[in-house]
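These notes are about the structure you will find just below.
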Amino acid sequence: MDSRVDAFNPSATFDDGTSCPPVFTGCMQPDASNYRALATVDDGSCLYQGCTDPSAFNHDPSATLPGVCIAAVFGCMESRALNFFPAANTASGICAYGGCTDSARPNYDPTATTNDGLCTPLFPGCTTPRALNYDAESNLDDGSCVILGCAATDPSTTINIPCLCTKECFFRRRRKLSHVSSADLCADPGAINYWSGAMDYGFPMSFLECAYAISGCTDSSASNYRADANTDDGGCTFPVYGCTDAMATNFDSTATALEGCVYTSLGCTDSASVSYVPDANTGDGSCAYNSIYGCSDATALNFDSTASVSVGCVARREGCTVSSAKNFAADANVAVNNECIYVVTGCRAPGAGNFDSLATEDDGSCTLFASPPPPSPPPPSRPPPRMSAKLQEAIPGRRHFRL
């Protein structure tokens, strides 16, 4: 009749001593440090080991016994970042990325936080493929395109060809005179090989061999070298290698090309500490020393008040250690033998005529009292007997009349 156990029968009128199993209290959660496999009733004593330091990386708010803590190491955890910190276990949110930070450049990188000095140079020139001076290397149109056409119908035309407007052009080739250089058939005054006599050859031969100036840096060691330049513009720039990130400890304000940045990596820098971080270059005060291992459970048999990391606790198990007892506790390490229950058979029904208060197990021998019979009904009432005449005359003082 113990409502704490699964075998409890709410309709039972007395404890028969056999239906309820022996009650062993303790922690019934298998993942607890003090789990008791023999327990049948959970007494709320479960303890859980874990890191109890709120600042630690592996802090466990549900822990009730101190375990091994791992210090939080802050840093950039992105492997592609310039300041990637392999030892970090907690993201700092500040990662540095190299790349081109000039949005006007073809290789602009919107994720870059530091210019690496490798932005693609801007080469001004004509970027229209149908122009006479189209340059495939140019990546910045400078409005210099030379376009042949009919100005009346094509607003992009820069050199008007009247016969294209009247559609009377005859596309025929004339044999070039032997004394004319092969680079002279250019009727555009803006070309570097302009020849006024080229017009005599008509369209389109008069423009077939035009060559144009391409300005740029012609020094191949320069960062803005232009391979197709035929005119040096005097604007060559040369890389100065160094750290271009102001967040780095070795930032070089004169550097133009990113190289060799060193970043602050926080952590314990003392190799004698249990929280030593090999990759750290700047101490953060997180070094921990001399962990004391022992049992931190004050209820355990081997409690150690000096322990900082709880290990090897021996839970206190009180119980009956007499193996012949009904409530023998095989895991008990503290004998409480005055609570041992021994098998004594008999009648355990309090209302039975042979109730045995010393019995611990009912043997089915109970004899219940028989119910008393109901009371007999009273006899029926009778009228008083009539007196005879002689008897009436014999009564003294009674007067008799004769009619």
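The values are calculated or read from the model by the stated rules, or taken from the named source; none is laboratory data. All of these numbers come straight from a predicted model, not from anything done at the bench. Glycine gets a Cβ as well: all are built from the backbone with ideal geometry, and neighbour counts include every protein chain shown. The accessibility values were calculated without ligands, DNA or RNA, using every heavy atom of the protein model including side chains. Shrake-Rupley method; radii C 1.70, N 1.55, O 1.52, S 1.80 Å.
For this structure, a couple of remarks:
- Put simply, when 146-152, 54-60 are sorted by average Cβ atoms within 10 angstrom per residue, most first, you get 146-152, 54-60.
- Size of electric dipole in region 179-248: Cβ of Lys, Arg +1 and of Asp, Glu -1, about Cα centre, debye, nearest 20: 80
- Burial ranking of peptide ranges 356-363, 93-100 (average Cβ count within 10 Å, highest at the top): 93-100, 356-363
- Of 135, 200, the residue with the largest accessible area leads and the full order is 200, 135 (1.4 Å probe).
- Per residue, the accessible area of region 25-83 comes to 55 Å², computed with a 1.4 Å probe over protein heavy atoms only.
- Percent accessible area from carbon and sulfur atoms, region 261-320, protein chains only, probe 1.4 Å: 50
- Around residue 245: net Lys/Arg minus Asp/Glu count, Cβ-Cβ under 13 Å: -3
- 5 angstrom amide H check on residue 56, placed H, neighbours 5+ away: none
- Prolate is the label for region 60-154, because a/c, from the alpha-carbon gyration tensor with a ≥ b ≥ c as root eigenvalues, is 1.5 or above and a/b exceeds b/c.
- Counting only protein heavy atoms and a 1.4 Å probe, region 123-172 has 62 square angstrom of accessible area per residue.
- Net charge of Cβ neighbours under 12 Å - reference residue 334; Lys, Arg +1; Asp, Glu -1: -1
- Positive contributions from Lys and Arg (+1) and negative ones from Asp and Glu (-1), summed over other residues with Cβ under 14 Å from the Cβ of residue 149, come out at 0.
- Gap separating the Cα centres of region 264-326 and region 183-218, nearest whole Å: 88
- Average accessible area per residue (Å²) across region 205-308 - probe 1.4 Å, nucleic acids and ligands excluded: 55
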